[in-house]
Each structure stands twice: as structure tokens, then as C-alpha cells.
Amino acid sequence: MRFNFTYAQIQGKFWFGGMGAYLDYKEKEYVPVGVILEKRFLRSFKIGFDAAVVFPFNMKMTAYLSEIGGSDLDFDLGWHVGGKCEVPITFYVKPRTAFYITPFYRYWNIGESNLVLGYDPTDKTWKYFYEPHSITHYYGVSCGVMFEF
């Protein structure tokens with residue numbers, strides 16, 4: 001059994017989305033600090049558990065309201081600690097080649113942004129905008145082929 005009690009890394013996430021007719025872009029970097037436990041059964045099967053507390057930083061968002069006649073807005077997003085958990089399952093078909101499937105869960109807690117003055121084309125006025133606080137529960141499954149070197 002392999003124990004990796006703590007780890008830290010820097011990762012980034014970039015997201016394009018939008019509400020209605022305009023595009024928005026969110027960017028955040030984060031440092032997960034966590035634990036990995038892995039157990040190999042036989043030579044062909046390995047299962048693990050990976051859990052981490054996620055510390056985000058440099059969280060930004062741009063709302064491209066110019067696409068609908070307004071002004072583009074740049075927000076600094078607030079942040080709160082998040083988390084992640086996954087269970088990687090690996091089936092080796094050769095000593096260094098395997099298929100894997102990994103169910104995962106991510107928790108993002110993004111705080112309210114600063115106020116930004118911008119032009120609102122819907123009522124043709126200048127006003128303050130902000131990105132509200134949001135919590136995201138993200139579930140998924142990743143799968144693929146792995147080659148170890």
C-alpha cells in the first residue's frame with residue numbers, strides 16, 4: 001500500500017460561459033493540499049483515494065457585455081476554501097499500460113466580487129455590477145488509457 005500523506009500543487013481552471021447573449025470568462029488558480037492512499041491488488045488492479053482541501057487565489061472574471069452594446073467588466077472574485085475527492089480505479093493490461101476510471105467530486109465556494117461601474121445596454125444607464133456569491137457541487141467520472149514511463 002502506498003501512502004502519500006500530503007501533497008501540494010498549483011493548478012488552474014479557465015471557464016467560458018455566459019448568461020443569455022454575452023460571454024463571461026472566469027479564471028482561478030488554486031493549491032490543493034491533501035492525501036492520497038493507494039492499494040494494488042494482484043498485478044492488474046489498483047484502487048485509490050485522493051482527498052484535498054483547495055485554496056484558491058487570483059480569482060477573476062470578465063463579463064463581455066460589449067457583445068450586447070454595454071461595457072466589458074473585470075471583477076475580482078472573492079474566495080473561500082473548497083475541496084475535492086476522487087477514487088481512481090486502474091486496470092493494468094500490461095505492466096505499464098492501463099485503463100482507468102475515476103469518479104470525482106469538486107466543491108467550489110466563490111465569494112461575492114467587488115463592485116464595478118459599467119454601462120447597462122438594457123436600460124441605457126451606467127450602474128454598478130457585481131458577481132454574486134456562488135457554490136458549485138461538481139460530480140463526474142473521468143476515464144481513459146494510461147501509459148506509465
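The values are calculated or read from the model by the stated rules, or taken from the named source; none is laboratory data. From a predicted model like this one, the values you see are computed outputs, not experimental measurements. Every residue, glycine as well, gets a Cβ built from its backbone with ideal geometry; the counts of neighbours run over all protein chains shown.
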### Query
Under the condition of being polar (S, T, N, Q) and in a strand (DSSP E or B), which residue from region 30-83 is nearest to the chain's Cα centre (by Cα)?
ASN58
### Message
Give all pairs with beta carbons closer than 8 Å in which a residue from region 52-80 that is more than 28 Å from TYR119 (Cβ to Cβ) and in contact (Cβ under 8 Å) with a residue 60 or more places away in the chain meets a residue that is not in a helix (DSSP H, G or I) and not aromatic (Phe, Trp, Tyr); count only pairs at least 6 apart in sequence or on separate chains.
### Response
none
### Message
Every residue in region 100-123 that is without any contact (Cβ under 8 Å) to a residue 24 or more places away in the chain and part of a strand (DSSP E or B), please.
### Response
LEU117
### Task
Would you confirm whether any residue within region 105-120 is of a type in the set (Lys, Arg) and surrounded by fewer than 11 Cβ atoms within 10 Å (Cβ to Cβ)?
no
### Task
For ILE101, work out the one condition from (1) under 18 Å from the mean Cα position of the chain (by Cα); (2) of a type outside the set (Phe, Trp, Tyr); (3) within 30 Å of ILE36 (Cβ to Cβ) it doesn't fulfil.
(1)
### Summary
How many residues of region 127-137 are at pLDDT 90 or above and either of a type in the set (Gly, Ala, Ser) or part of a strand (DSSP E or B) (or both)? The answer is 5
## Note on the structure
In region 105-142, anything basic (Lys, Arg) and under 21 Å from the mean Cα position of the chain (by Cα) is listed as ARG106
